[in-house]
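Notes follow the structure.
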Amino acid sequence: MKNEKLTGDEYDALELIRRGARTDRVNACVGRNVKRLSGLKLVQYAKNGSVSLSAKGEEVLFLRRCVEALRALEQDPSSKPDDDVVQFLSRKSHIAAREDGGYELTDRGRESLADISAQQPRH
């Protein structure tokens, strides 16, 4: 999965499919990207032609939410990530609860975010 760089448009298509776009003809964003996403095994077609996220696609979206949460916490420690993201990042020791509420990045979290930022430039 390391060489599977996705564009913002492809992430948007995955999110639209997650939210309920059932076919690749629902909107132009999904239609443009579904063939590549299917090739990367991020979405799957059913026999009736409907499209849905694969387990790998759900994982990619979740990891993107985790990276966005790390970036948000780096900018503003009072930002509130989703509960599942907090649980995952806490378990991986990337964030820690602050005494006055909210979360802060640990050294490990800052290192991970630096590595991610070095690998993929922000658009």
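Every number in this text was worked out from the coordinates using simple rules, so none of it is lab data. Just so you know, these numbers come straight off a predicted model, no measurement behind them. Positions of Cβ are generated from backbone atoms using ideal geometry, with glycine treated the same way; all protein chains shown enter the neighbour counts.
Looking at the range 1-36 only, could you name the residues that are part of a helix (DSSP H, G or I) and of a type in the set (Ser, Thr, Tyr)? Once the filter is applied, which keeps residues that are part of a helix (DSSP H, G or I) and of a type in the set (Ser, Thr, Tyr), the range 1-36 yields only 11. Of the candidates 76, 84, 12, the single residue that is of a type outside the set (Gly, Ala, Ser), exposed (fewer than 11 other Cβ atoms within 10 Å of the Cβ) and without any contact (Cβ under 8 Å) to a residue 60 or more places away in the chain is 76.
When each of 34, 43, 51 is tested for being touching a helix residue (DSSP H, G or I) at 6+ places or on another chain (Cβ under 9 Å), in contact (Cβ under 8 Å) with a residue 24 or more places away in the chain and under 18 Å from residue 5 (Cβ atoms), the lone residue that passes is 43. Residue under question is residue 117, and the condition is that it be surrounded by 15 or more Cβ atoms within 10 Å (Cβ to Cβ), within 23 Å of residue 5 (Cβ to Cβ) and not β-branched (Val, Ile, Thr); does it hold? For residue 117, the condition - surrounded by 15 or more Cβ atoms within 10 Å (Cβ to Cβ), within 23 Å of residue 5 (Cβ to Cβ) and not β-branched (Val, Ile, Thr) - is not met. Restricting the range 43-62 to residues that are of a type in the set (S, T, N, Q) and surrounded by 15 or more Cβ atoms within 10 Å (Cβ to Cβ) leaves a set whose member that is farthest from residue 85 (Cα to Cα) is 44.
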